[in-house]
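S.K.: Input: one structure, supplied below.
Every read-out reported here was derived from the displayed coordinates using simple, explicitly stated rules and does not represent laboratory data. Worth saying up front: this structure is predicted, and the values here are computed from it rather than measured. Here the Cβ is made from the backbone with ideal geometry for all residues, glycine too, and neighbour counts use every protein chain on show.
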């Protein structure tokens with residue numbers, strides 16, 4: 001596996017970032033208090049760089065696995081269009097059911113508040129609106145299994 005220029009220069013940049021600010025401490029041009037602050041900051045920077053390297057390598061591994069998974073995926077245009085049709089069947093039927101329930105439920109509540117005997121009749125219309133979403137979901141499940 002060939003390394004990219006960023007992967008080759010990244011460790012060098014990390015070492016420079018860690019050691020350049022310590023040059024004045026090594027030369028003795030700073031006070032003890034300043035040296036302690038610099039040492040603490042560089043210890044934190046060291047662990048931060050280590051964490052960065054781990055995250056960068058994990059990102060590279062994840063990208064490689066994603067590329068391998070993308071290469072392993074097989075399918076045709078017909079399968080993709082079938083999944084799109086299943087998604088549209090579910091989404092549009094749920095949208096239609098929402099609109100139906102939005103109009104039927106307030107009417108059912110109004111009819112129930114006027115006459116207590118209208119509850120069963122009114123709830124049938126609300127349930128019919130919800131049934132549209134269930135039928136759309138059923139059709140999409142059938143479409144997905146027929147494409148597999």
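S.K.: Given the Cα-Cα distance of residue 105 and residue 30 and 0.36 nm per residue of separation, how much length would full extension add, in nm?
M.R.: Using 0.36 nm per residue and subtracting the Cα-Cα distance, I get 19.3 nm.
S.K.: Sort out for me the Cα centre separation of the range 106-148 from the range 22-43, rounded to whole Å.
M.R.: 73
S.K.: Please sort 120-127, 83-90 by packing, taking for each peptide the average over its residues of neighbouring beta carbons within 10 angstrom, highest first.
M.R.: Numbers: 120-127: 13.9, 83-90: 16.0.
My ranking of the peptides, most packed first, is 83-90, 120-127.
S.K.: Want the number for residue 58 to residue 117: 0.36 nm per residue separation, take away the alpha-carbon distance, what's left?
M.R.: Values: separation 59, 0.36 × 59 = 21.24 nm, distance 6.51 nm.
The span from residue 58 to residue 117 would gain 14.7 nm if fully extended.
S.K.: What ratio of Cα Rg to 2.2 N^0.38 Å holds for the chain? Please report the intermediate quantities before stating the final value.
M.R.: Numbers: Rg = 32.2 Å, N = 148, 2.2 N^0.38 = 14.7 Å.
Normalised Rg, Cα atoms only: 2.19.
S.K.: Only helical DSSP H runs with n ≥ 4 go in: add -39500 (n - 2.57) per run for the chain, normalise by residue count and round the 222 nm mean residue ellipticity to 500 deg cm²/dmol. Write down the numbers at each step before the final one.
M.R.: On the way: 5 runs with 128 residues, N = 148.
Counting only the DSSP helices, I get -30500 deg cm²/dmol.
S.K.: Could you give the angle, 0 to 90 degrees to the nearest 10, between helix 77-114's Cα long axis and the longest principal axis of the Cα atoms of the chain?
M.R.: Relative to the chain, helix 77-114 is tipped by roughly 60 degrees.
S.K.: Expressed in nm², what is the orientationally averaged projection area of the convex hull enclosing the Cα positions of the range 5-72? All intermediate terms of the calculation are to be shown ahead of the outcome.
M.R.: Working: hull surface 20.8 nm².
Reported value for the Cα convex hull: 5.2 nm².
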